[in-house]
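A.B. asks: Dropping the structure in here first, questions after.
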Amino acid sequence: MPSKRDVWYRAIAVVVVALAAVVAIVFVSSGGDKGGTDAVPVADVGSGPVDREFAITITNRAATPPTSRVEIPMGSTIRITVTSDVADELHVHGYDRKAVLTPGVPASVAFRAGTAGLFEVETHVSDLVLMQLVVR
Ligand SMILES: [Cu+2]
């Protein structure tokens, strides 16, 4: 018959093994998403190269090119650069990226599209929808 001490050690050993298994599973699953797209966090990509680049000019409350729906593969990086003739604010809905627009000075938002859906890119002062981003 095992002593109380043996039972106690065995219980501790079981707990340690169970914890090690949990840690191993978490470690493996967190390291295995390199190639995945849905696990890619939304992140600013700064001034580096991106997968898709868009440039929009606003003159007299009209956008060039005109508003369009653009499809972006999930996980790709994009940069939207806007030049406005009036002071304004650029806003990418959903991803909640903003840029202050100074008249005549291009301003950019750049990010990784890690969330699926339809997101409007708009200006707050001229109240224009510049793009509809479809991420899938
Ligand atoms: Cu907005």
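Values quoted throughout were computed directly from the atomic coordinates according to the rules given, and no laboratory measurement underlies them. The model shown is predicted, which means the values in this text are computed figures rather than measured ones. FYI the Cβ positions are ideal-geometry reconstructions off the backbone, even for glycines, and counts take in every protein chain you see.
A.B. asks: Apply the a/c threshold of 1.5 to the C-alpha gyration tensor of region 52-135 and tell me whether it is rounded, prolate or oblate.
C.D. replies: Details: a/c = 1.93, a/b = 1.74, b/c = 1.11.
It comes out prolate by the Cα gyration axes.
A.B. asks: Most exposed first by the Cβ proxy, i.e. fewest other Cβ within 10 Å, how do LYS4, LYS98 rank?
C.D. replies: Listing LYS4, LYS98 from fewest to most nearby Cβ atoms yields LYS4, LYS98.
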